[in-house]
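All remarks here apply to the structure that follows.
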């Protein structure tokens with residue numbers, strides 16, 4: 001596609017529910033990043049994929065968070081047993097190579113009530 | 001600890017002024033540094049990427065410099081316009097990491 005697409009753009013859920021956030025990167029971009037951003041702060045790194053494998057998942061805050069990229073294109077971020085503290089904007093970015101320019105999607109705003 | 005700071009947190013200037021935004025990082029072992037722009041409720045747009053071997057990059061009215069030894073980068077905006085109003089973030093990729101570490105951003109308002 002022309003840009004990085006993220007769905008849903010907004011998600012409101014209740015505490016304890018399961019959530020999936022999807023990222024469709026630019027075609028041909030092998031590197032994919034997930035970040036989350038709270039109001040007034042810079043993005044916080046979660047996980048980085050090179051192809052299908054998670055090359056660095058050191059930013060995932062705990063085992064409730066998991067991400068996959070089974071075919072090296074679309075990625076899904078999965079959050080189990082959501083908590084109010086998970087509320088944030090989840091950003092996805094892709095690039096042709098991990099050293100190159102990052103192209104970000106518009107983000108998925110998650111609100112946990 | 002990898003830490004990126006940005007000063008000032010917010011800046012308001014009249015249209016036409018030249019301005020400088022600052023980014024500081026604690027470790028000089030950087031691979032590259034990017035400056036981004038973020039409009040309210042939107043994702044980030046990359047403005048300039050500086051490799052560790054470079055001292056500066058220019059794009060139109062924007063010029064970014066990099067001084068690894070002092071742990072600093074600056075983004076210079078010439079002849080500012082109201083359309084430049086946004087939050088500007090810098091992000092550092094270190095030699096030993098896979099991710100980009102972001103600063104908190106500087107919120108810029110250019111008044112007409």
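Before moving on, here are some points about what is shown:
- Pairwise centroid distance, computed over Cα atoms, of the range A:35-100 with the range B:1-70, Å: 23 Å
- Average beta carbon contacts from partner chains per residue of A:42-49, 10 Å cutoff: 6
- Cut-off 15 Å, label 7 Å out along Cα→Cβ of residue B:17, residues of the range B:85-109 by amide N: B:85-86, B:107-109
- Sequence of A:29, A:97 once ranked by neighbouring C-beta atoms within 10 Å, starting from the fewest: A:97, A:29
- From least to most packed, judged by other beta carbons within 10 angstrom and beginning with the fewest, B:35, A:34 follow the order B:35, A:34.
- Residue exposure sequence - B:107, B:61 - by fewest surrounding Cβ within 10 Å: B:61, B:107
- Look at the alpha carbon pairs under 8 Å that are at least 6 residues apart: their mean separation over the length of the range B:35-112 gives a relative contact order of 26 percent.
- Bridge type composition, chain A - antiparallel percent by DSSP, nearest 5: 90 percent
- Computed on chain A, with alpha-carbon pairs under 8 angstrom and 6+ residues apart, the relative contact order is 37 percent.
Here, each number is a calculation from the coordinates, and none is a lab measurement. The structure displayed is predicted, hence computed values, not measured ones. Here the Cβ is made from the backbone with ideal geometry for all residues, glycine too, and neighbour counts use every protein chain on show.
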